[in-house]
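Just so it is clear, none of the values below were taken in a lab; they were calculated from the coordinates. These figures come from a predicted structure and were not determined experimentally. Methodologically, a virtual Cβ is constructed for each residue, glycine included, from the backbone with ideal geometry; neighbour enumeration extends over all protein chains shown.
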Amino acid sequence: MKIVGIFNRKEKQIGFRLAGMETNLIHNKDELEEKLGHIMDNSDVGILVINKEVFDLLPEEFKKIEKRQLPLLLKID
């Protein structure tokens, strides 16, 4: 299982990438929807890490993900 992150701030993305995690940098809601679709189609993703600003772009979608068993959603500030 992989740990994948979606961030909208480069400094957070770089920090997690340096730790060895696969990361994605998004700039708007459309990019987020596209990246999230690819991640949710990948059954190898066990943990999805996002920051609060990313959560606020699609709160309903992330609430659905929180109810699923996998991937585990981890929100950071």
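Things to note:
- Only Cα pairs under 8 Å and 6+ residues apart enter the sum, and on that basis the relative contact order of the chain stands at 33 percent.
- From the C-alpha gyration tensor of the chain, square roots of 5λ in Å: 17, 15, 11
- Per-residue ellipticity at 222 nm, computed for the chain from helices alone with -39500 (n - 2.57) per DSSP H run of at least four residues, works out to -13500 deg cm²/dmol.
- Relative to the current alpha-carbon distance between E34 and K2, full extension at 0.36 nm per residue lengthens the span by 9.7 nm.
- Taking label positions 7 Å along the Cα-Cβ direction at both I47 and R9, the computed distance is 2.0 nm, reported to one decimal.
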